[in-house]
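The structure under discussion appears below in the form of structure tokens.
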Amino acid sequence: MLDYQSVKTRTRTIAEVTRNAVMPPWLPEPGYGSFLGERRLTPQQRDLLQRWVDEGAAEGNPMELPPAPSNLGGWQLGTPDLVVGLPRAYTLPAESSDIWRNFVVPLPLTSSRHVRTVELRPGNAKYVHHAQMAVDDLRTSRRRDQGDGQPGFEGMEMGDAYMPDGSLIGWTPGMHPFPGVKGAAWKLPAGSDLILQLHMLPSGKPEIIEPSIGLYFASESESRTPLYVLMLDADDQLDIPPGVSDFVLEDRFELPVDVRVHAVYPHAHFLGKSLSASATLPDGLTRPLLRIDRWDFKWQDVYRLSEPMTLPKGSSVHMRWVYDNSAGNAAQQHHPPVRIRSGNRSSDEMAHLQLQVELQSPAERLQLQEAHFRYLLRKQPRNARVLYGLGGALKDQGRLPEAAELYRRALAVAPNHVSAHINLGAVLLQTGRLGEAVDHLRTAVRLDSNAAGAHYNLAVISASQGNLSQAVEHYREAIRARSDYGEAHNNLGQIYRATRRLEEAVGHLRQAAAFLPDSADVHNNLGESLRLTGRTPEAIEHFRRAIAIDPNHADARRNFESVAVSR
């Protein structure tokens, strides 16, 4: 409504919805946190609107109009570095119930990039309730995208796709796109697909939906700040009898490290009535994070704090949800009401609270990740995703036997979990159990021929056993599946150098240096191959770069001194 005539025909409606605080659509209660992009009218502004309408809604002086909003219909964060969309448009069918659909968006990237932020455009906002984006670097979603002849696949489950580390990427009507956290860019691997999940509202006739994704890149040096998305999950408590109007559940999580909270994202479905979220500090002081007294599933949002909130180690984060499963709930989906439990359908319920937090170091991020997955595991002891996640946190801390046990438990629940087979194989390889490692890695390849990590580890095992031809085959498969696999390029280049295929060695080692520019080993290996092909000045440059990265790199120093003396 950008001109007087558009408003004039709706003045009574405007007066009503602003008086009742239905509009603007902003759920948080004042006084319980300050957020970026708040859409809130003060009582004085509401009164002014009522008086203006009651007095005839005069236009006023058009010369005193403020400037129109900028970027209407355009990218609000400016022109993206890369815009991608669906290979072909999706036709929303003329149905009566909500539709969730996951669209696979291929990326035209030949090398990994770091992403500062993302802006989503729904393609047809009138029929899209909300959207969220994840990354599928295994590209397993492509197989699910072949079921019904239409782009994408149904449901709220996104398979192997994951939210980028520490990110909350979504779109809802009225949401301001987030410019990102300074110094916290995330890595987007080459060869990945983006998965865009849309919750759509059919209109009763077919509608064309063409969403797009704008990516804003950053340099690798902007990716030093570790972030994590901490989710409180009380779905295990959801068992709401019919007719109950005040079903209460609460949950809390104690922080094992210091954090800074950047954003709060609550999530429930139609029966959600109210939410309060707070943090209790070690000294007993309670600080509010968010309060919503009138939950509305259709206007959920990610609430980004105006100033990050620091919570010291030992603080606990608390959420309290209230649900209304009575016939008097205007959002009730069942007539008469029925017992409601947790589930992915909008007619089921959820009880979540996600916090985007900043950590002081990668080590502390791992501590938080382990504590978080142990918290989730207590609620869902047979959840393969949670078991796998805890295994990864332990593996990254070097606690390999514990990680192996968690991966085994994940596979007992989900025998076809490709990533669990790959990571268990890698852990078994590191602990010298080669036979078992090969079994799991081969299973991963059988389940997914594009399992780059499985091919890589099979190549390492083959090379260690002297079977270089098989190692070359697996390294090539790893690179075919993931073109920017720097470690695979490096190892393949080493084999080619050892077998005197020097030009091929140089080619792969150049690729490795491009993808792993901070690896002293890679620069030294490239320097050695360049020297053997007679490119001595270039070899010297790479030996120098290896020494600059690691002044104690003995091989690089020896190689540099040898070349310098010979010259």
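Bear in mind that the values in this text are calculations on the coordinates, not laboratory data. Bear in mind that the values here come from a model prediction, so they are computed numbers and not experimental data. Cβ: placed from backbone, ideal geometry, glycine included. Neighbour counts: every protein chain shown.
Taking the alpha carbon gyration tensor of segment 82-222, what are the square roots of 5 times its eigenvalues, largest first, to the nearest whole Å?
With the √(5λ) rule applied to segment 82-222, the semi-axes are 26, 17, 12 Å.
Enter the Cα centre distance for the pair segment 239-303 and segment 88-118, rounded to the nearest angstrom.
A separation of 29 Å, based on Cα centres.
Net charge within 14 Å of residue 308 by Cβ-Cβ distance, Lys/Arg positive one each and Asp/Glu negative one each, not counting residue 308 itself? Mind showing how you got there, number by number?
Details: positive: 182, 260, 287, 304; negative: 258, 307, 358.
With Lys, Arg at +1 and Asp, Glu at -1, the net is +1.
Calculate the length of the line joining the C-alpha centroid of segment 376-399 to that of segment 438-483, in whole Å.
About 25 Å separates the Cα centre of segment 376-399 from the one of segment 438-483.
Which values, in whole Å and largest first, are the semi-axes of the equivalent ellipsoid of segment 327-431 obtained as the square root of 5 times each eigenvalue of the Cα gyration tensor?
Working: eigenvalues 249, 69, 17 Å².
Output for segment 327-431: semi-axes of 35, 19, 9 Å.
At most 14 other Cβ atoms within 10 Å plus a DSSP loop assignment makes a site exposed; report the longest stretch of the chain without any exposed GluC sites (Glu not before Pro).
158-567
Through the Karplus equation 6.51 cos²θ - 1.76 cosθ + 1.60, θ set to phi - 60°, convert the phi angles of segment 37-46 into ³J(HN,Hα) values in whole Hz; use x for Gly and Pro.
Whole-Hz 3J(HN,Hα) from phi for segment 37-46: x, 4, 10, 9, 9, 6, x, 5, 5, 4.
Could you sort out which of 273/313; 205/298; 187/395; 187/273; 182/379; 187/379 sit more than 29 Å apart by Cα distance in this structure? Let's see the in-between values first.
Values: 273/313 31 Å; 205/298 21 Å; 187/395 20 Å; 187/273 38 Å; 182/379 34 Å; 187/379 31 Å.
Flagged as over cut-off: 273/313; 187/273; 182/379; 187/379.
With a ≥ b ≥ c the root eigenvalues of the C-alpha gyration tensor of segment 172-310, is it rounded (a/c under 1.5), prolate (a/b larger than b/c) or oblate? Spell out each step's value before the answer.
Values: a/c = 2.14, a/b = 1.07, b/c = 2.00.
Oblate shape, in that a/c is at least 1.5 and b/c is the bigger or equal ratio.
Show the residues, 5+ positions off or on another chain, whose built amide H is closer than 5 Å to the amide H of residue 274.
295, 322
Just to be sure I understand the model, the point goes 7 Å from the Cα along the line to the Cβ. What's the resulting residue 470 to residue 518 distance in nm?
3.6 nm
Please give the calculated 222 nm ellipticity per residue for the chain, where each DSSP H segment of at least 4 residues contributes -39500 (n - 2.57) and the sum is spread over every residue; nearest 500 deg cm²/dmol?
-11000 deg cm²/dmol
Ordered by residue, what ³J(HN,Hα) values in Hz, to whole numbers, does segment 358-370 give under the Karplus form 6.51 cos²θ - 1.76 cosθ + 1.60, where θ = phi - 60° and Gly and Pro are x?
9, 10, 7, 7, x, 5, 5, 4, 5, 4, 5, 4, 4
Calculate one ³J(HN,Hα) per residue across segment 177-188 by plugging θ = phi - 60° into the Karplus curve 6.51 cos²θ - 1.76 cosθ + 1.60, and present them in order as whole Hz with x for glycine and proline.
Values per residue, Gly and Pro as x: x, 8, x, x, 9, 4, x, 10, 5, 10, 7, 10 Hz.
Please report the spacing between the Cα centers of segment 162-209 and segment 496-567 in Å, no decimals.
The two parts, judged by their Cα centres, are 41 Å apart.
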